[in-house]
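Worksheet: one structure, shown below.
The values are calculated or read from the model by the stated rules, or taken from the named source; none is laboratory data. Here the structure is a predicted model, which is why all the values come from computation and not from measurement. Glycine also receives a Cβ, built like all others from the backbone with ideal geometry; neighbour counts cover every protein chain displayed. Remember, those area values only see protein heavy atoms, side chains included, never the ligands or the DNA or RNA. Shrake-Rupley method; radii C 1.70, N 1.55, O 1.52, S 1.80 Å.
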Amino acid sequence: MRTIRTVAELRAALEPEWRAGRSVGLVPTMGYLHDGHLSLLRRAREQCDVVVMSLFVNPTQFGPGEDLDSYPRDEQRDAALAEAEGVDVLFAPGPDEVYPPGFATSVTVSGITAVLDGAPERRGPEHFAGVTTVVTKLLNMTGAEVAYFGQKDAQQALVIRRLVRDLDIPVRVEVCPTVRDADGLALSSRNAYLSPAERHRALGLSRALRAAEAEVSAGRLDAAAVLSAARAELDAHGIEPEYLELRSAADLSPAERVNGSTLLAVAAQVGRARLIDNTILGGTT
Ligand code: AMP
């Protein structure tokens, strides 16, 4: 595995691969790898000739007061884990390489970036503008044929699918299932912030989703029933969610009823960690 820090070196390393018609798979990450990230790397390794993992804690997707400075980092450990998964190139640029002086461009997706995490009173659409701008850059830098994202960040995955479709970016977006700890907690780099007691409270998120699934299995499909089952689990864990919402999994429009493929998404602050989780109800994706 090669560790590369500049765009020029990255392109020089990939040029022969592009010319030989070998497929490049890109797994964008902010590092502090866990099994969720590794599942994306494995999928990329199975499907692509060359696997590039980017490791970049993207400052533009953090708002004021968010955890940019304290975001957990351990490049050495990440490099060892990536190498063990057969990653060919670890692309770990510094912020000035990605945003050189004079950088003035932003790629934005509207509509679906202004709800859930993107609501103005939460992270705001600027969060997703940070994501879509850096992902566009990473796709251009790597010429990736396939890019891998996690369903854990369901809204982000949807926004990236929209970006790629709207701008005719020649990449296939693969969204991989959420990887969880044995007790159901969705893996997240931010779980590192949780004390044992907070980690126990954090289980309320996944338990809320499972309770909602049970309602749907029992044939209770209206939003009120599904949300109150989920809310009861959050209450039982002492969690006041930032949001708990039922929305169309296709376009994030509000859903009054589980109908086809419906997204139930939850976010909550638990101690220092802002956690999100979701499930698709009544569908197969
Ligand atoms: P991050 O490093 O948190 O930006 O995540 C990098 C990629 O890994 C994103 O596409 C995430 O959606 C994905 N990811 C994060 N956590 C999980 C998880 N528990 N299961 C599957 N994918 C995940």
Taking Cα atoms, how many degrees apart are the long axis of helix 75-84 and the longest axis of the chain, rounded to 10 and kept between 0 and 90?
80
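Suppose R0 equals 22 Å; then what is the FRET efficiency for Asp67 and Arg122 from their Cβ-Cβ distance, rounded to the nearest 0.05? Before the final figure, lay out each step's value.
Working: r = 15 Å, r/R0 = 0.66.
The formula returns an efficiency of 0.90 here.
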For region 1-126, the charge dipole (Cβ of Lys, Arg +1; Cβ of Asp, Glu -1; about the Cα centre) points to a positive end, and the Cα of Ala119, Ala84, Pro95 closest to that extreme belongs to Ala84
Under a 10 Å cutoff between Cα atoms, tell me which one of Ala230, Ala197, Ala267 has the largest fluctuation in the Gaussian network model of the chain.
Ala197
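Just flag the GluC sites (Glu not before Pro) in region 36-100 sitting in loop per DSSP whose Cβ has no more than 16 other Cβ atoms within 10 Å.
Values: sites: Glu46, Glu66, Glu75, Glu83, Glu85, Glu97; in loops: Glu66, Glu85.
Taking region 36-100 and a limit of 16 other Cβ atoms within 10 Å, the loop GluC sites (Glu not before Pro) found are Glu66.
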Here the residues of region 253-285 lying in the modelled label zone of Arg172, meaning backbone nitrogen under 19 Å from a point 7 Å along Cα-to-Cβ, are 285
To the nearest 10 degrees, how steeply does helix 125-142 sit against the main Cα axis of the chain, on a 0 to 90 scale?
30
How far apart, in nm, are two points set 7 Å out from the Cα along the Cα-to-Cβ line at Arg272 and at His34?
1.5
Which stretch or stretches of region 191-211 have amide N atoms under 16 Å from the point lying 7 Å from Asp74's Cα along the Cα→Cβ direction?
191-195
With labels modelled as points extended 7 Å from the Cα through the Cβ direction, what inter-label distance (nm, one decimal) is found for Glu256 paired with Ser228?
1.8
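Hey, what's the chain come to in accessible area per residue, 1.4 Å probe, Å²?
Working: 12690 Å² over 285 residues.
Counting only protein heavy atoms, the per-residue value for the chain is 45 Å².
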Quick one: of the DSSP bridges fully inside the chain, what percent are antiparallel, nearest 5?
50
How far apart, in nanometres, would the label points at Asp181 and Ala236 be if each is projected 7 angstrom from Cα along the Cα-to-Cβ direction?
1.8
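Rounded to the nearest 500, what is the chain's calculated 222 nm mean residue ellipticity when only DSSP H runs of at least 4 contribute -39500 (n - 2.57) each, over all residues?
Values: 8 runs with 107 residues, N = 285.
It lands at -12000 deg cm²/dmol.
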Percent accessible area from carbon and sulfur atoms, the chain, protein chains only, probe 1.4 Å
50
Once you have a ≥ b ≥ c as the square roots of the Cα gyration tensor eigenvalues for the chain, tell me rounded if a/c is under 1.5, and otherwise prolate or oblate according to whether a/b is larger than b/c.
prolate
Express in whole angstrom the spacing between the alpha-carbon centres of region 149-212 and region 1-66.
19
Plugging the Cβ-Cβ distance of Ser195 and Glu83 into 1/(1 + (r/R0)^6) at R0 = 22 Å yields, to the nearest 0.05, a FRET efficiency of 0.10
